[in-house]
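Below is one structure, written out as structure tokens, with a few remarks after it.
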Amino acid sequence: MTDEPRAPEPAPDSWVPPAGQPPPPYAAAAVPGPQLPQTPPVAPQPSWGPVPLAPVAGPSSDRRAGRVSGWVWPAVVALALVVGLVGGLAGGVIWQQWEDDRTTAAGGDPDGLAGVDTTSLPPLAADDRSVAAVAQEMLPRTVQIAAALGGQAGGATGSGFLLDRQGHVVTNNHVVADADENDGLIEVVDEEGRRFDAEVVGRSPVYDLAVLKVPGIEGRDPAALGRSRALRVGETVVAIGSPLGLSSTVTSGIVSALSRPVTTSQGGDPEDDSSFIDAVQTDAAINPGNSGGPLVNLRGQVVGVNSAIATAGSGLGGGSGNIGVGFAIPVEQVRVTADQILRDGEAQYPVIGAEVQTGDDTTSGAEVTTVLPDSPAEAAGLQDGDLVVGLDGDLVTDGVALIVALRTRQPGETVELTVRRDGEEQQVEVVLAGQTG
């Protein structure tokens, strides 16, 4: 179901989309690139609309409302954070950051991927857990992706990694969305430069994930999947991908933060769903072209999918590349979403059937503005004007934080909301419904 959101407020001028380059995390739109041909400049993106072409010198303050599918949506006051799709054109994202929230990814199978031929290789030896060892392990399992964008072959490029031995590759939705919607060519390039045509098995705009089928690479050893919940702040991680079109690039850094709520929206169709990520934040260099590539721990296990970066403001002293603030989708969410796509061809996300107010710094909590009829929220007794201040015992700071927390759950789960009504708090149990996206 689709609801009309309120228009978000302009983002601060100190943030702009990052640069992109030819044949990397978000939306089908152009982003300026560093001294390479074919790269048109771009200004910041409206929260729910396309990125307008504009000089690099100054970010646009224009923000307009659009439509977002789903029963719970954010009217977001966004900062411009970016992701790159490279190939002459790049992708820009709008994101919003909130206080830390809970990270979970529920699924029927503890590993999410039931029946998929993934690898269970042992972790790298304790005496050889170096960036070099991780690179040697992961480079053959990481690919570059070139997808048509706006009718231009290879106009968007990103990265991906081998999920299983059946030739499936995981990447970001925003890398391949335009090509998939317009029957454009998608190619996968392996470490040795061999090119393979690929097709989309399924995509999740809500979680910014996609699974590709690549005939010709079946039987190859896939990447080992780890657990982001086992990460510690300060731990070394490695990002692998094709930043600025430079394939098989390895960078390293640390885990800067965990459970960092980030939301992005695509720059194409204003009715596209916003993506909500309970992200792993890292200072490993991530640039346009890294989109969809793996974030790996020193055990050689994928712990996230690189998806978005923050950039400094353009203009005097500004920049449009990596500044050490990158975000990855936790591998737990990847397991669940990929499993749903491989099983059903599509992914589900949870909804409660209520509209909530966001962007209000004067109120701590998520104010319910509308309870939709015949929804889980109505069945649970939620009312317009209720203030949700907690979810399963965790603090809810605002409406978007509530959405981020809900989307780490799965349809069919029961959550307990702490609701403040007429000055008194009460507990309300809601059974989450599901929606495709």
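Structure summary
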| read-out | value |
| --- | --- |
| Positions within region 147-165 being modelled with pLDDT of 95 or more and in contact with a Pro (Cβ under 8 Å, 6 or more places away or on another chain), in sequence order | 158, 159, 161, 162, 163, 164, 165 |
| Filter result for residue 254 (in the same structural domain as residue 135 (by TED's automatic domain parsing), within 14 Å of the chain's Cα centre (by Cα) and closer than 14 Å to residue 326 by Cα) | no |
| Where residue 202 falls short, out of the listed (1) part of a loop (DSSP other than H, G, I, E, B); (2) closer than 30 Å to residue 399 by Cα | (1) |
| Any hit, region 211-227, residues being in contact with a helix residue (DSSP H, G or I) (Cβ under 7 Å, 6 or more places away or on another chain), modelled with pLDDT of 95 or more and among the charged types (D, E, K, R) | yes |
| Residue in region 145-152 that is under 22 Å from the mean Cα position of the chain (by Cα), closer than 25 Å to residue 274 by Cβ and assigned to a loop (DSSP other than H, G, I, E, B) present | yes |
| Meets criteria (within 18 Å of residue 241 (Cβ to Cβ), buried (at least 21 other Cβ atoms within 10 Å of the Cβ) and either among the small types (Gly, Ala, Ser) or at pLDDT 95 or above (or both)) for residue 279 | yes |
| Count of region 193-210 residues which are β-branched (Val, Ile, Thr) and either surrounded by fewer than 20 Cβ atoms within 10 Å (Cβ to Cβ) or modelled with pLDDT of 95 or more (or both) | 2 |
| Evaluation of residue 144 against (1) at pLDDT below 95; (2) over 18 Å from residue 252 (Cα atoms) (one fails), failing number | (1) |
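The values are calculated or read from the model by the stated rules, or taken from the named source; none is laboratory data. Only a predicted model underlies this, so the values are computations on that prediction, with no experimental measurement involved. With ideal geometry, Cβ positions are generated from the backbone for all residues, glycine too; neighbour counts draw on all protein chains shown.
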